[in-house]
Structures are given as structure tokens and as C-alpha cells.
Amino acid sequence: MRSVALDRKKHDRKSFDCGVKALNNYLQMMASQHASRDNTRTFVLEDDDNPSVIIGYYTLTMISIDLTALPANLQKKHHNVHSAGLIARLGVDKRYKGKGFGEWLLVDALKKLLHASESVAFPLIVVDAKDGAADFYKKFGFVPFFDAKHRLFITVDSVRKSF
Ligand SMILES: CC(C)(COP(=O)(O)OP(=O)(O)OC[C@H]1O[C@@H](n2cnc3c(N)ncnc32)[C@H](O)[C@@H]1OP(=O)(O)O)[C@@H](O)C(=O)NCCC(=O)NCCS
């Protein structure tokens, strides 16, 4: 399996439904425009049998972070840092849920951010978890920020060590 950059001419964004309207709408209406403006990058996993069908997608960008919402050891270690990699969105179409594609997309997103961090260093990766998905990320080692239970982070160092 391989993720590819969202291609509005090729990929059927209208049929995509992950069950969260905001995530469907972003893919359908915003993702391509944001990519063309270098604001975010969206990658999709295609169905091998029909590459226009989107199994799932994720969107990457950077975010500014408030270090005071992190454990003291991380505040000390990264005291001059103000930005982190962000998995801004991640969704799997309802037809493909429960088959490991969410995990595959998350690992793929982490690999891309790890690779990016080797050129433009940042120490943390953050996710904004939609309705009830925080537990999904916790399974993979993400920890909630003190001040926002839907925003979670993992260190680039622990991602590096896990691969
Ligand atoms: C959350 C989501 C991405 C999971 O995708 P998926 O393809 O169904 O997940 P997977 O099959 O890869 O599951 C991997 C593991 O995570 C677990 N898991 C899946 N969804 C979970 C959730 N919401 N909470 C806790 N654990 C979850 C699975 O049980 C599985 O565990 P196992 O390996 O112990 O069996 C998908 O349900 C989705 O798109 N949800 C709507 C959008 C959303 O909430 N996105 C995430 C936040 S932006």
C-alpha cells in the first residue's frame, strides 16, 4: 500500500464518508485548495481495485504550541521551541473501517513527519482528535495536552525509536 497526494481530478472526494461531517467537508471542499496554497498537504490511500476511490486520508501541516501545557521535563528540554508537526485530520471511509487502514494511515503520517523533521527539526507531533477518537491515538502512544483533552502529542524521538 502507498499513500499519494490528493488529486482533485482523479480522486472521488464526493463519495468519501468517514462519518464525521467536518472531515468529509474538508476533503471535499478545502483540501485541494489548501495544498495549492502550501497551507496543508493531504494524502490519500486509494483502493487498488479502483484508484479513484478514497479509502482514507490524512492532512499534515505545522502548528504553534504552548509548552506550558506539556510535562515539565519536555518544557525544559524544548524551551525555545514554538512549533510542532500536526496531523490535522485523519479519516477512514465507513466502508473500510475496522480493517487496519486507520492504523496504516497514522503510521504513514508519522513516517512522513519524522522524515520532514530530519530537515526542519521539530520535537513533537500533535493530533486534533475528533469525537471519541482520542482513544484511537492513545493506543499508539499519544498523550493529551494538560489543557485540551482532544489535542494529543507524541515526541518525534519516540516515533523514531518505534520504527
Ligand atoms: C478513528 C478511525 C480513523 C479508525 O480507523 P479504522 O480503520 O477503523 O481503525 P483500524 O482498523 O486501523 O483500528 C486500529 C486499532 O484502533 C482501534 N480503534 C479504531 N477506532 C478507535 C476509536 N475510535 N477509539 C479507540 N480505538 C479505536 C481498533 O479497535 C484497532 O485496535 P486493535 O488493533 O487492538 O484491534 C476511523 O474510525 C474514522 O475515520 N473515524 C471518523 C473520523 C475520526 O474520528 N478521525 C480521527 C480523528 S481526526
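The values are calculated or read from the model by the stated rules, or taken from the named source; none is laboratory data. Note that the coordinates shown come from a computational prediction; the quantities given were computed from them, not determined experimentally. Cβ placement follows ideal geometry from the backbone for every residue including glycine, while neighbour counts extend to all protein chains displayed.
Per this entry, Lys111 is not counted among residues that are under 24 Å from Val4 (Cβ atoms), touching a helix residue (DSSP H, G or I) at 6+ places or on another chain (Cβ under 9 Å), surrounded by 12 or more Cβ atoms within 10 Å (Cβ to Cβ) and modelled with pLDDT under 95. Residues that are touching a residue at least 24 places away in the same chain (Cβ under 8 Å), among the acidic types (Asp, Glu) and assigned to a helix (DSSP H, G or I) within the stretch 134-163 comprise just one, Asp157. Looking across the stretch 22-69, not a single residue is surrounded by fewer than 18 Cβ atoms within 10 Å (Cβ to Cβ), of a type in the set (A, V, I, L, M, F, W, C) and assigned to a loop (DSSP other than H, G, I, E, B).
Against the definition (within 7 Å of the ligand (Cβ to nearest atom), outside any helix (DSSP H, G or I) and modelled with pLDDT of 95 or more), how does Gly85 come out, yes or no? In short, no. From the residues in the stretch 97-108 that are charged (D, E, K, R) and near the ligand (Cβ under 8 Å from one of its atoms), which one is nearest to Arg2 (Cα to Cα)? Here the answer is Glu103.
Of Gly102, Gly56, Gly141, Gly85, which residue is farther than 30 Å from Arg8 by Cβ and touching a strand residue (DSSP E or B) at 6+ places or on another chain (Cβ under 6 Å)? Quick ask: steps written out before the conclusion?
Details: Gly102 fails: farther than 30 Å from Arg8 by Cβ; Gly56 fails: farther than 30 Å from Arg8 by Cβ; Gly85 fails: farther than 30 Å from Arg8 by Cβ.
Sole residue among the options that is farther than 30 Å from Arg8 by Cβ and touching a strand residue (DSSP E or B) at 6+ places or on another chain (Cβ under 6 Å): Gly141.
Quick check on the stretch 65-76. Is at least one of its residues within 28 Å of Asn25 (Cβ to Cβ) and touching a helix residue (DSSP H, G or I) at 6+ places or on another chain (Cβ under 7 Å)? Looking for residues that are within 28 Å of Asn25 (Cβ to Cβ) and touching a helix residue (DSSP H, G or I) at 6+ places or on another chain (Cβ under 7 Å), one finds none in the stretch 65-76, hence no. Filtering the stretch 6-21 to residues that are loosely packed, with under 13 Cβ neighbours inside 10 Å and within 21 Å of Asp128 (Cβ to Cβ) leaves only Lys21.
All of (1) over 18 Å from the mean Cα position of the chain (by Cα); (2) of a type in the set (Lys, Arg); (3) part of a strand (DSSP E or B) hold for Lys9 with one exception: (3).
Among the residues of the stretch 114-133, not a single one is within 14 Å of the ligand (Cβ to nearest atom), surrounded by fewer than 17 Cβ atoms within 10 Å (Cβ to Cβ), at pLDDT 95 or above and in a helix (DSSP H, G or I). Among the residues of the stretch 13-20, at least one is touching a strand residue (DSSP E or B) at 6+ places or on another chain (Cβ under 6 Å), assigned to a loop (DSSP other than H, G, I, E, B) and touching a residue at least 12 places away in the same chain (Cβ under 8 Å).
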